[in-house]
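Asker: Got a structure for you, written out below as C-alpha cells; questions coming shortly.
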Amino acid sequence: MSIIFLLKEWEVTDYDYWGSIKKVQNQLGLTATAMAAGIISKGTYSKVVNGKQSLSSDSLVKILFKNNIDINDFFEMLKSTYMSESRQYEEKLFNGMQQALNNHNTKMAQEYLAQIKTKTSNKYLQQRAEITVAFLTNNIDKLNDEFKKSVTDKLNSHPNWIKDIDALRLFNTSLLILPNDKVEVEMRLFFIKIAHTEQIYESMKERYAILCCNYLDWRYKKKPKINDNVTNALKYLKDLASTAHFENYKICGKYFNHLFNNEIDTAKQMKSDLLALGITVGVKNWPI
C-alpha cells in the first residue's frame, strides 16, 4: 500500500502536528502565502497551523512535495507526539545497540541488552540484542539450539517478513546463527518478492540494501563463490540510484564484487582508501 493510500484513511486535527508544519515553514524562511500557494488559501493555512481547522492528507502531501520537504524527515519530527512511549523507548534502545555494534563497544552492548531484556516485551528486539552481544563477545557458538529455534520460529510466524521492519531487522542479525540452507532459501524468496513489488519506497530500499551487504559479507565468509543470491545482491546494490543517500551501499557492492571475482588486491586497496578517509562504519568490518 502506498503512503498516499495510507494517509487517505485519516484526517489530522492535532495542534502539535500542525505546529510541525509551522516549524518547517519557519526553518525554510517562507511566508504562509508561499508555503500554501496553489494548494490552499492563506486563511485556511492559518487556521490549520493554529489548530482551528483540519486538513486533508492529500493537501498535506501536496504542501510537503511543493516545498521539497522530505516526508520521512517530516514524520520523524512527529514521533514524540504520535509514537507510543514504549515504542519510542524501544527505538532508543535499538539505536543504542546499533551504535555499540558499530563501535565494537561490548560493555555498552551488554548494558543495553540488560535494559532490553528487563524493560521491553519486544521479542524481535530481545533476540537481536542477544545475537549482537554474542557476536561482540565471540560467543555465537554458545547460543543454544533452543534459542536458535525460537528465532527461526519467530521469523516463520511472519507471512511476509520483508515488509515488516522488526522481522527484517531480525533476519539481518540472524544471518550469524541461522543454518546456511535457511539463509539461502530466504534470500531467494526475498529477491523473488522484491522483483514482483511494483513500488519500493526509499526507506525500504535502504533496509534491503543493508540486508544485501550483510548477506554478501556472510556468504563470502562462508564460501566465497558466486551463486544466484550473490548475483542478485550485487545487482540490487549496483542498480540503486546514484545519490549520496545510497552511495555507501553502492560502494559496498563494488567492494564485494571485487572479492567474489577474486580481485583481492583491488578490494584491499579500496578498503584501505576508505579507512584513510575516515569512513569506518561498516567498512571496518569488511572481511579483507
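The values are calculated or read from the model by the stated rules, or taken from the named source; none is laboratory data. Nothing here was measured: the structure is a model prediction, and the numbers come from that model. Positions of Cβ are backbone-derived with ideal geometry, glycine not excepted, and every protein chain shown enters the neighbour counts. Each accessible area value is taken on the protein alone, full model and side chains, heavy atoms only, with ligands, DNA and RNA left out. Shrake-Rupley method; radii C 1.70, N 1.55, O 1.52, S 1.80 Å.
Asker: Looking at region 149-166, can you tell me whether even one residue there is touching a residue at least 60 places away in the same chain (Cβ under 8 Å) and either within 22 Å of residue 90 (Cα to Cα) or not in a helix (DSSP H, G or I) (or both)? Outline the logic, then answer.
Answerer: Taking region 149-166 as the starting set, the residues that turn out to be touching a residue at least 60 places away in the same chain (Cβ under 8 Å) are none.
Scanning region 149-166, I find no residue that is touching a residue at least 60 places away in the same chain (Cβ under 8 Å) and either within 22 Å of residue 90 (Cα to Cα) or not in a helix (DSSP H, G or I) (or both), so the answer is no.
Asker: Would you say residue 224 is farther than 22 Å from residue 94 by Cβ, open to solvent by 20 Å² or more (accessible area, probe 1.4 Å), modelled with pLDDT under 90 and not basic (Lys, Arg)? Break it down into steps so the answer makes sense when it comes.
Answerer: Details: farther than 22 Å from residue 94 by Cβ: yes; open to solvent by 20 Å² or more (accessible area, probe 1.4 Å): yes; modelled with pLDDT under 90: no; not basic (Lys, Arg): yes.
Considered against the rule, which asks whether it is farther than 22 Å from residue 94 by Cβ, open to solvent by 20 Å² or more (accessible area, probe 1.4 Å), modelled with pLDDT under 90 and not basic (Lys, Arg), residue 224 comes out as no.
Asker: Which condition does residue 220 not pass, out of (1) out of contact with any Leu (no Cβ under 7 Å at 6 or more places or on another chain); (2) in contact (Cβ under 8 Å) with a residue 60 or more places away in the chain, if it passes all the others?
Answerer: The number of the failed condition is (1).
Asker: Search region 62-111 for residues being more than 18 Å from residue 126 (Cα to Cα) and of a type in the set (Lys, Arg), and hand back the single one that is most open to solvent (accessible area, probe 1.4 Å).
Answerer: 62
Asker: Please go through region 241-288 and pick out each residue that is assigned to a loop (DSSP other than H, G, I, E, B) and surrounded by 19 or more Cβ atoms within 10 Å (Cβ to Cβ).
Answerer: Scanning region 241-288 gives a single hit, 286.
Asker: Separate question: Identify the residue in region 38-52 that is surrounded by 14 or more Cβ atoms within 10 Å (Cβ to Cβ) and within 14 Å of residue 19 (Cβ to Cβ) and, among all such residues, is modelled with the lowest pLDDT.
Answerer: Only one residue tops the list, namely 51.
Asker: Only one of 239, 228 is over 16 Å from residue 287 (Cα atoms), among the acidic types (Asp, Glu) and free of Cβ contacts under 8 Å to residues at least 12 places away in the same chain; which? Full working, then the answer.
Answerer: Working: 228 fails: free of Cβ contacts under 8 Å to residues at least 12 places away in the same chain.
On inspection, the qualifying residue turns out to be 239.
Asker: Residues to consider are 171, 190, 147; find the one that is open to solvent by less than 20 Å² (accessible area, probe 1.4 Å), at pLDDT 90 or above and over 22 Å from residue 285 (Cα atoms).
Answerer: Exactly one residue qualifies, and that residue is 190.
Asker: Return the residues of region 130-144 that are in a helix (DSSP H, G or I) and loosely packed, with under 10 Cβ neighbours inside 10 Å; say none if nothing qualifies.
Answerer: Within region 130-144, 141, 142 qualify.
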